[in-house]
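The structure under discussion appears below in the form of structure tokens.
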Amino acid sequence: MQAWEGPHSYGRGDRGYPLVSRFLRDGNASVGRPPCELGQRKKMYMNFFTTDARKAAFVVIDMQNFSCVPVDGKRMPGIAAVIERINRLADICREGGVPVIWVRQNITSIGDTDDGGFYRLFHDEERTRGVMNRGKGTEIYREMDVDGSRDYIVFKNRYSAFLSKPPELQDKLKALGRTQLLIAGIAANVCVESTIRDAMQLDYEVILVSDGTTAPDDGALKNTLTNTRLFFGDVRTTDEIAASLMKNSSKVVETMKKIGISTTADIEAFFQAYNERDYDALFEKYMAEDCLWHASERALKGKREILDYWTKSHSAFKEILGRPENVVFGDGRVYLQVKIRLDFVEDGSFYGRYYKKGDVCHFGCADYYEFDAVDKIRLGLVYLKCFN
């Protein structure tokens, strides 16, 4: 595996970007146009996209051994801070229902041929071998916090994850229904920028995590940040993206607070009875006879129909409700958020996605309940899509 060899080791080197370099140095382009005119943006560096947990995915590029642990010890500038920020943002995304996708560079070699295209022309033989056949160089770096039960891993054999053959990232995004990309990883000026350019051309909303990426030198990093701002997407810090995600995911909470909720029965005992499959307790202690329940966009009326839904429609998996969070109590009402775990006991599907026996699915949702005069649930609403 080839180590980094100075500022031009990621690629063949000293070609440069004179127009952008002059802009970064002098504040204008080659013919004197201001940068906002060069990029045709309505306002200098304005943000076009609002982070939305319902359509976003966090895409992490090439945080793997060949790029994070060069054999000569010359790591890219600021890589330790980049690792910390990516891990922190990944945790926030998982909490908010944003899928985390790790993209790994891997070239498959059979005999004298491989599927890496012209990769060999721009990298020596040792470095090329380091990213072949899912070897150690292609493995995700040990300091990255990957959640094997919730995160996704896809492979690419081109700088751009969208031009890979097959296009695993694009296929995964389509399956998840995600059209907004929060992008981080390395190297900023090669695989990250290549992926960003093609994402924009394919009509994805791009938000580059400015402090969640780095390059072999500061000039290359600045070029990528500027190119993205001018032509391909928004550029924001980890803290800015995290604050926006948390703010937007709490909109339902803020709306519910306005209706003056203040007290209710012990909702945790209701959850515990459900987790223990104690249906007698659920219906006798906690649910009214004429309860109306909306789940998975279906309206269920009465105990019998609700029980049929829980036992028959959920036969492929065991559902465990976590401890209620963000609980807001009121006059005969309660609003809360809850994390749910599904353990698939047989092959099945959930919200259009198929799972095999033994798979585990984690997601979050918002619940709203209304109670009758004796504190039994008479209406239950489950807003799964708010946080999934």
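Please treat every number below as a calculation from the coordinates, not as lab data. Quick caveat, the model's predicted, so the values are computed rather than measured. Don't worry about glycine lacking a Cβ; one is built from the backbone with ideal geometry, like all the others, and counts go over all protein chains shown.
Laid out as a table, the results:
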read-out: By average C-beta atoms within 10 angstrom, highest first, the peptides 281-287, 167-173, 220-226, 99-105; value: 99-105, 220-226, 167-173, 281-287
read-out: Across Lys172/Lys356; Lys222/Lys339; Lys172/Lys318, pairs whose alpha-carbon gap is larger than 28 Å; value: Lys222/Lys339
read-out: Cα gyration tensor shape of segment 173-224, rounded if a/c is under 1.5, else prolate or oblate by comparing a/b with b/c; value: prolate
